[in-house]
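To start, the structure under review is shown below, and the notes come after it.
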Amino acid sequence: MAYDYDTIIIGGGPGGLAAAYALLRKQKILVIENNLWGGTCPNFGCDPKKMLYGVVESKRQTQRYGQSGITGKVDIDWPALMAFKHGYTDKIPSGTHDGLTSSGIATLFGTAKFVDAHTLEVNDKRVTGESIIIATGAKPAIPDVPGKALFQTSTDFLSLPELPHEIGFVGAGYVAIELANIAAEAGATVHIFQHNDKLLRGFPEADTAVLRDTLAAKGIQFHWNTAVTGVSESKTGVIVHTDNKDVALDTIFAAAGRPANIAGLHLEAAGIAASAKGIEVNDHLQTAASNVYAIGDVIAKTVPKLTPVSGFEGHYVADLLLGQQHAAISYPPIPHTVFAGPELAQVGVTLTMAAAHPDAYVVRPAEVGSWYTYNRLQDKTARVTVILDKQTNQLVGAVVLAVNAEELINTFSGIITRHESAAEAESWMPVYPSAESDLEYFY
Ligand SMILES: Cc1cc2nc3c(=O)[nH]c(=O)nc-3n(C[C@H](O)[C@H](O)[C@H](O)COP(=O)(O)OP(=O)(O)OC[C@H]3O[C@@H](n4cnc5c(N)ncnc54)[C@H](O)[C@@H]3O)c2cc1C
Ligand SMILES: NC(=O)c1ccc[n+]([C@@H]2O[C@H](COP(=O)([O-])OP(=O)(O)OC[C@H]3O[C@@H](n4cnc5c(N)ncnc54)[C@H](O)[C@@H]3O)[C@@H](O)[C@H]2O)c1
């Protein structure tokens, strides 16, 4: 049977676009998007977040240099900060769309839903594809409590025209911590409501404890072991009701996770299985319908849901469809960083894994605030922990809590990915002074 397209991709975010461009030269492709071309990361995720973060971190750095040559007070002008952000984000959807069409990739704006495993309906029109890739991402979870319509989300935060005086976040994960830090540095009073006492689950407690103190010193008020039971309107904003108190705020943001974006896809029409965690796929990212694949934040997976992971999966499925790949997906070590002021980054074997296998790993924590690299930045709480293979002395994992941690974790990630011995890892000449020029001291 002849199909309209070789491959149809649902979702024009980092995952879908990586697959589309990788398939482009050999296939007839259609990408369907129902919101902003480019998806979450460049429109209301990583990129705008890091633009705001860069500016507030510059303010923070001037404070670190308060006794070291900088005088005067630096303030954040929120509307100007937003204008800076819009200068980047406003061009993303049209630029992304132009890139697709000028490359010869067909596009359709609308919500796709399955009619069968080869047929989608978009705007009452049917299109068919030999293969279909679902790359519809995730969306913020809204706690199911009375008044839930009053919750705003990270998307709203990243476009706030004015910064409210007093705000709250439900959750203490990536989104809550990153946005709370930006808001606090920009002058808001910030509350975090967390149903247990875990800050950034999955990161080592030795580091999150330091971060907790740093964020509290910025004025962030943590309400631990506090479940939000409802939200109601007040004259000036909202009242957040919890199981132990009521707190009056200007506004409250839901940052309690990002479930897969599958509502409305009519997956059942194609026999595709999904759970609350996302679309179920096998080790070739193939769904229960053999011609339909799923990639990125929409799939149920244990690896982190991050932009580079979505892109990696997009390339992998494209290679499968082009017959250039047959093996099960195998991920390289995945570094991840919370831009929390300072950054907390991690890659490879975790401290939990190392603690469970003391025969296999050596853990070397270092308080590096007094080292030249961090002393120069007055980053007094900087910490670097490396995990080495006991037999080979190879680096297998690392945790960095420091200004610019994302750069050092990238270097560690490269060493781990290339399975470099200590000698190989030190066999190049980094710029001095730089964070990489400390490498030899971590072995
Ligand atoms: C505030 C925030 C900060 C983040 N910061 C980082 C970071 O610093 N680093 C990092 O690596 N990751 C970060 N992430 C995560 C990152 O944004 C995602 O992992 C990444 O965007 C996932 O890519 P994706 O292509 O799988 O999905 P998305 O980028 O979500 O793209 C999916 C697209 O599908 C579209 N779509 C959905 N349903 C349909 C449908 N039925 N029909 C048509 N189109 C549909 C959506 O509109 C969307 O454009 C952040 C996320 C948030 C929210
Ligand atoms: N820097 C980055 O790489 C970055 C930044 C932002 C987001 N992300 C991605 O987006 C994902 C989602 O981020 P997130 O912060 O929304 O999720 P998360 O899973 O990191 O954190 C969710 C938080 O909400 C809490 N929570 C869960 N259910 C709750 C409930 N019913 N009521 C109250 N609290 C509840 C959890 O305990 C946790 O603290 C991340 O896991 C990550 O993959 C990455």
Do we find a residue being of a type outside the set (A, V, I, L, M) and modelled with pLDDT under 95 anywhere in the range 170-187? no
Please indicate, with yes or no, whether at least one residue in the range 265-278 is touching a Gly at 6+ places or on another chain (Cβ under 7 Å) and either under 23 Å from Ala141 (Cα atoms) or surrounded by fewer than 18 Cβ atoms within 10 Å (Cβ to Cβ) (or both). no
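Given the criterion more than 23 Å from the chain's Cα centre (by Cα) and assigned by TED's automatic domain parsing to the domain that holds Gly296, identify the matching residue among Gly129, Gly187.
On the way: Gly187 fails: assigned by TED's automatic domain parsing to the domain that holds Gly296.
Testing whether each residue is more than 23 Å from the chain's Cα centre (by Cα) and assigned by TED's automatic domain parsing to the domain that holds Gly296 leaves just Gly129.
Looking only at the range 7-30, count how many residues are under 20 Å from Gly110 (Cβ atoms) and either among the charged types (D, E, K, R) or under 26 Å from the mean Cα position of the chain (by Cα) (or both).
At the first step, the residues of the range 7-30 found to be under 20 Å from Gly110 (Cβ atoms) are 7-13, 15-17, 19-20, 28-30.
Checking the rest, the ones that are also either among the charged types (D, E, K, R) or under 26 Å from the mean Cα position of the chain (by Cα) (or both) come to 8-13, 15-17, 19-20, 28.
Going through the range 7-30 one residue at a time, the tally reaches 12.
Any residue at all in the range 192-203 that's away from ligand 2 (no atom under 13 Å from the Cβ), not assigned by TED's automatic domain parsing to the domain that holds Gln27 and not small (Gly, Ala, Ser)? Give the steps one after another, and end with the answer.
Let us first name the residues in the range 192-203 that are away from ligand 2 (no atom under 13 Å from the Cβ), namely none.
No.
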The listed residue being out of contact with any Asp or Glu (no Cβ under 9 Å at 6 or more places or on another chain) and crowded, with 18+ Cβ neighbours inside 10 Å, out of Leu30, Leu36: Leu36
Of all residues in the range 290-305 being in a loop (DSSP other than H, G, I, E, B) and within 16 Å of ligand 2 (Cβ to nearest atom), which is surrounded by the fewest Cβ atoms within 10 Å (Cβ to Cβ)? Thr302
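Looking only at the range 414-434, which residues are part of a loop (DSSP other than H, G, I, E, B) and either under 29 Å from the mean Cα position of the chain (by Cα) or over 10 Å from Leu395 (Cβ atoms) (or both)?
If the condition is that a residue be part of a loop (DSSP other than H, G, I, E, B) and either under 29 Å from the mean Cα position of the chain (by Cα) or over 10 Å from Leu395 (Cβ atoms) (or both), then Arg418, His419, Glu420, Glu426, Ser427, Trp428, Met429, Pro430, Val431, Tyr432, Pro433, Ser434 are the ones that fit.
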Residues satisfying the stated conditions in the range 44-59, i.e. surrounded by fewer than 19 Cβ atoms within 10 Å (Cβ to Cβ) and touching a strand residue (DSSP E or B) at 6+ places or on another chain (Cβ under 7 Å): Lys50
Hey, among the residues in the range 62-85 that are closer than 30 Å to Arg258 by Cβ and touching a residue at least 24 places away in the same chain (Cβ under 8 Å), which one's farthest from ligand 1 (Cβ to nearest atom)? Pro79
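Conditions tested, residue by residue: (1) among the charged types (D, E, K, R); (2) assigned by TED's automatic domain parsing to the domain that holds Phe312; (3) assigned to a loop (DSSP other than H, G, I, E, B); (4) without any contact (Cβ under 8 Å) to a residue 60 or more places away in the chain.
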residue	(1), (2), (3), (4)
Tyr331	no, no, yes, yes
Ala345	no, no, no, no
Ala355	no, no, no, yes
Asp359	yes, no, yes, yes
Pro365	no, no, no, no
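Looking for whichever is surrounded by fewer than 21 Cβ atoms within 10 Å (Cβ to Cβ), touching a residue at least 40 places away in the same chain (Cβ under 8 Å), closer than 24 Å to Met51 by Cβ and out of contact with any Asp or Glu (no Cβ under 6 Å at 6 or more places or on another chain) here; the options are Leu408, Leu377, Leu351. Which one fits?
Within the list Leu408, Leu377, Leu351, the selection yields Leu377.
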Please enumerate the residues belonging to the range 293-341 that are out of contact with any Ser or Thr (no Cβ under 9 Å at 6 or more places or on another chain) and small (Gly, Ala, Ser). Ser310, Gly311, Gly314, Gly323, Ala327, Ala328, Ser330
Suppose we filter Leu285, Leu265 for residues that are on the phi > 0 side of the Ramachandran plot and not assigned by TED's automatic domain parsing to the domain that holds Arg201; which single one remains? Leu285
Quick one: how many residues across the range 36-59 are more than 8 Å from ligand 1 (Cβ to nearest atom) and not in a helix (DSSP H, G or I)? 0
Among residues belonging to the range 96-120 that are free of Cβ contacts under 8 Å to residues at least 12 places away in the same chain and not charged (D, E, K, R), point out the one that is farthest from Glu185 (Cα to Cα). Thr119
Of the numbered conditions (1) under 26 Å from Ala318 (Cβ atoms); (2) more than 16 Å from ligand 2 (Cβ to nearest atom), Phe44 satisfies every one except a single condition; which is it? (2)
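Pick from the range 214-233 the residues that are touching a residue at least 60 places away in the same chain (Cβ under 8 Å) and closer than 26 Å to Ile409 by Cα: which of them is surrounded by the most Cβ atoms within 10 Å (Cβ to Cβ)? Steps first, please.
From the range 214-233, those touching a residue at least 60 places away in the same chain (Cβ under 8 Å) are 214-215, 218, 228-233; that's our starting set.
If we keep only those that are closer than 26 Å to Ile409 by Cα as well, we get 214-215, 218.
Working: Thr214: 18, Leu215: 23, Lys218: 15.
So, considering only residues that are touching a residue at least 60 places away in the same chain (Cβ under 8 Å) and closer than 26 Å to Ile409 by Cα, the one surrounded by the most Cβ atoms within 10 Å (Cβ to Cβ) is Leu215.
The values are calculated or read from the model by the stated rules, or taken from the named source; none is laboratory data. Being a predicted model, the structure only gives us computed values, none of them experimental. Cβ atoms come from the backbone with ideal geometry, glycine included; neighbour counts cover every protein chain shown.
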